[in-house]
Structure formats: structure tokens, C-alpha cells
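Written out below as C-alpha cells is the structure these notes cover.
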Amino acid sequence: MATRKCHILVLAYIIVSLSQEIVRADNFYKEAILIGGYSDRDQWVGKKDDELKNSIGFEYYKKFSDEYGDFLTLDLQMRTAYDCSQNSSDAFEVEFHNAWLEYKLGLGKSIRLGHFDPAFGLEPVLDTHGTLLQTLASKNIGFKKDWGLAYKGLFGNYDYQLAAQLGSGMEISREDGSFLLTGRISTPQPKDTQLGLSFLYGQILASSQSWTIPAPELVSDESIRKKRIGVDFQCQLGLLDFKAEIAAGDNDGTTVAGGLAEFGYTVPELQNLRLKMQTLYWSNDWDQKNTRDLTLSPIVEYKINTETTISLGYFHDIYSSSDQDKMIILQFYYFGL
């Protein structure tokens, strides 16, 4: 307990110091999430899985330039969150999300250092930081971001990314030889239609919590050998936008696989209203039916203004590796200067 209090005090000092330096900047964004709902299994809930909890935070995004143009980008994104599933004395946490520096080497080429998305699937090209719908990353890899080094480049008409990371997720830690190597090659991102092919290989650590401070508890002292291949796709279908990804491989020799499909529709007469539908399937043992998850998730999003969004979502676990569950979630999300 004393160590935990020490961590929180040190972090509070760091946050105050950072805020004093950057709060006047035009690219200092404030963030707040208020979330709550009801599920059959847990009754009243104050979070959506481990990705979204009641929290406040900020993002500081800065590009550094010289007479030749931009050459360095900094992104620091942090939250202080309350995890209602923990004891009250252990419920407050600090999460580092984006925490990286990227140096531009030339046209389409850059090197990145810090905490960022592994180069696999839809997660590196989507912003799911404050959205109810997530990608396969947490079920597939075990986390959305990791600490390490990445390179982006061009291969003919294709973009590619390579990343070498610790395999620990939110915490800066390396146990039992953990590491994570990922790679993704895709058609250019600005296009309306984009296709990506991804690879993953590593020894991954599994944590019981998704926070950075205090140090999360490991599920096991032993890392998990993971191998993956994945395909992702995005396109416009008339008034609908469509996203999909599939991934398959093994965890320590056990076959795993899954995929998602998501449609989005902006109501023409009311541009602030957006409707989404996602189907997500994942199995941690392809040969055992009781290890599969299949969730249907209709979502309604309404933008009150450019900074504030209210989302209402219904999540129906048709198959669940734990207990079958139905959940309704309401979220208020603020992100602005």
C-alpha cells in the first residue's frame, strides 16, 4: 500500500509539472469519460471491459519543424481512471496510451519510439481510444499498445510498418523472455478502399489489469508464444462505411482465430447522428466450442458538438467463454481544447 501511494504521489507531481508546461499550447487536449450501464451478469457496471472506464486525462500532440518542414512528432496521451471492479483502495489507476516520439526520415519514412499500436490489423489505422466499439486487438494480442520501436516506409505503391516491442502491453516490463514482433503492409491509407495484411510473432505477457501505474499483476510468470496472420479491409458501400478484419494463428500450439465486421451509417438529415453495427467473433481454442465469443453490438452515437459525443450501445454475447451476457452501456465522451 505504501509503495502504491508513493507511485501515485510521484505521478501526480509529474502530471502537474507537465500541465504547467503545456496547458497553454494549442495542441493540449482535455479528455473525460463518464460511462455506466447494466449487464445480466454483473448488474450495474461502471466500465466497458478494460478499454473504457470513468476517467479524466489529456493528450499533448506536437509537431516540430524547421526550414525544410516537419521532422519530429510527439504524442503523449494519459488517463487517470477509476476501475469499479477493484477494491475502493485499489480502484484508482493511471494509464499511458500514446506516449511516443516519431522522427521523419524522408517521404513516407519514419521511426517511432515509445508506447504505440503494434503493426497488426485495424488498430494502427483507427482511433478507438474513446469509442464503445473496439477492434480485435485486445482479444487477439492481449492489449492495444506496447512499448518499443517501429519503422514506417514505402514499398512501391504500398505502405508498410514493422515494430519490435516488449510484449508487456501497458507496463514497461520484460519477463520470461517476452517480446513482440509485428508487421503490416497495406494499400495507401488516404484511399476510400484499403486492404492490409499483417503478421505477428512473440512471447506475450498477460496482465490482470490494463493500467500502467501501479504495476499490473501478471496472470502468469510465463509468457505465451503467439503466432498470427491477419487481413483487414475498409471501404465505402454507398452511404455505409464498412470495416472488417480476421486473424488466425496459435497460442503455445493451440489454434486461435476470430474476426469482426462493422457497418457505420451517418443519417443524412441529421449529420450529428451515427448508427453502427458490429459482429465480433473470437475463439481461444478452435477445437473447443466452449471457448468462443460471439457478440452483436448495435451502437447509436450523437455528437452534441465537435468536442462532445454521447453513445448508447447494446452488447449481446450470443456465445461466451464465461457466462452469456447482455449489456447496455451509456457513455459521455469529451475531447477538446
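Derivation of every value follows stated rules applied to the coordinates shown; laboratory data play no part. Bear in mind the structure is a predicted one, so any value in this text is a computation, not a measurement. Note: ideal-geometry Cβ built from the backbone for every residue, glycine included; neighbour counts use all protein chains shown.
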Report task. Can you tell me the FRET efficiency between D66 and N87 if r is taken as the Cβ-Cβ distance and R0 is 56 Å, rounded to the nearest 0.05? Result -> 0.65
Report task. Calculate, in nm to one decimal, what D49 and I229 gain on full extension: separation in residues at 0.36 nm each, minus their alpha carbon distance. Result -> 62.3 nm
Query - Net charge dipole size for the chain [Lys, Arg +1 and Asp, Glu -1 on Cβ; Debye, nearest 20] - result: 400 debye
Query raised in the report: Dipole of the chain (Lys/Arg Cβ +1, Asp/Glu Cβ -1, origin at the Cα centre): which of L76, S55, M277 lies farthest to the positive side?
Result: L76
Report task. Distance from a point 7 Å along Cα→Cβ of I328 to each backbone N in the stretch 128-143: keep the residues under 12 Å and list them by number. Result -> none
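Ranked by Cβ crowding within 10 angstrom, fewest neighbours first, how are M327, M170 ordered?
Ordered by Cβ neighbours within 10 Å, fewest first: M327, M170.
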Report task. Could you pull out the pairs from K227/K289; K30/K243; K48/K276; K30/K227; K47/K289 whose alpha carbons sit more than 26 Å apart here? Result -> K30/K243; K30/K227; K47/K289
Report summary line: Here, D285 and I172, labelled 7 Å along Cα→Cβ, have an inter-label distance in nm of 3.8 nm
Query raised in the report: Straight-line reach from K191: which aspartates and glutamates have Cα under 20 Å away, leaving out those fewer than 8 places along the same chain?
Result: E123, D127, D159, D232, D241, E245, E262
Query raised in the report: What is the packing order of peptides 75-82, 157-164, 271-278, taking the mean over residues of other C-beta atoms within 10 Å and listing the highest first?
Result: 75-82, 157-164, 271-278
